[in-house]
Amino acid sequence: MADYHLEASWNPVEGGAGRLTLTLFNPSSEPLSGFSLAYRSQTRIADAHVCDGASLTRQVASFHEFLPPEGLSIPAGGRWRFTVDGLADEPKHRTDGIRSAWLTLGDGRRVAVGFGGLMLEGRDGGAAPPLLPRGRVEQPYALLPRPLSLGLKAGDLAAILYAAEETRPDAIKALKTATTWW
């Protein structure tokens, strides 16, 4: 189970391939400082780009490495968010996001970072396509214990849970365990 988690979201930008917003969450019980963040992604950053809240230090094909602003410390339960305007191409699917991620700490150790699929912001995804054939489907679900009622409707995916700023370390650990099981 990774001690840190990285989320990436994409926003359309008129006249360009969009904006990438990256958020590194620190659900550990210790503050995080003196690190660099690296990840691999099909959504590559263009040569002409603008970073806000970070600096791109190295990029080779799908490999990207960022440094936080000097002196940044992410408290336990805190997060660091930065944006990159100027992508090489517009992502086509949520799998175009992060494929692997890690931190390089001040002492040279590398620490794995958990991550989710690329999220789309600023645009309505529209109605979900039908997952079941039209008509009444009697028992398409394999749920035990069987719920009293169950409905299927279009909508967003379930929300992802994160600890609020200044959450107690024992609560952060419990949330981390719950999200791992989920």
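Here are the numbers for this structure:
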{"read-out": "In segment 50-121, trypsin sites (Lys or Arg not before Pro) in a DSSP loop with at most 16 other beta-carbon atoms within 10 Å", "value": "Lys92, Arg109"}
{"read-out": "Under the Karplus curve 6.51 cos²θ - 1.76 cosθ + 1.60, θ = phi - 60°, whole-Hz ³J(HN,Hα) for segment 22-36, x wherever Gly or Pro sits", "value": "10, 10, 9, 9, 10, x, 6, 9, 10, x, 10, 8, x, 9, 10"}
{"read-out": "Whole-Hz ³J(HN,Hα) from phi, Karplus 6.51 cos²θ - 1.76 cosθ + 1.60, for segment 98-103, glycine and proline x", "value": "5, 9, 7, 8, 7, 9"}
{"read-out": "For segment 62-67, Karplus couplings with θ = phi - 60° (6.51, -1.76, 1.60), whole Hz, Gly/Pro x", "value": "8, 8, 9, 10, 10, 10"}
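Readers should treat all values here as calculations from the given coordinates under stated rules, not as data from a laboratory. Please read these numbers as outputs of a predicted model, since none were measured by experiment. Glycine also receives a Cβ, built like all others from the backbone with ideal geometry; neighbour counts cover every protein chain displayed.
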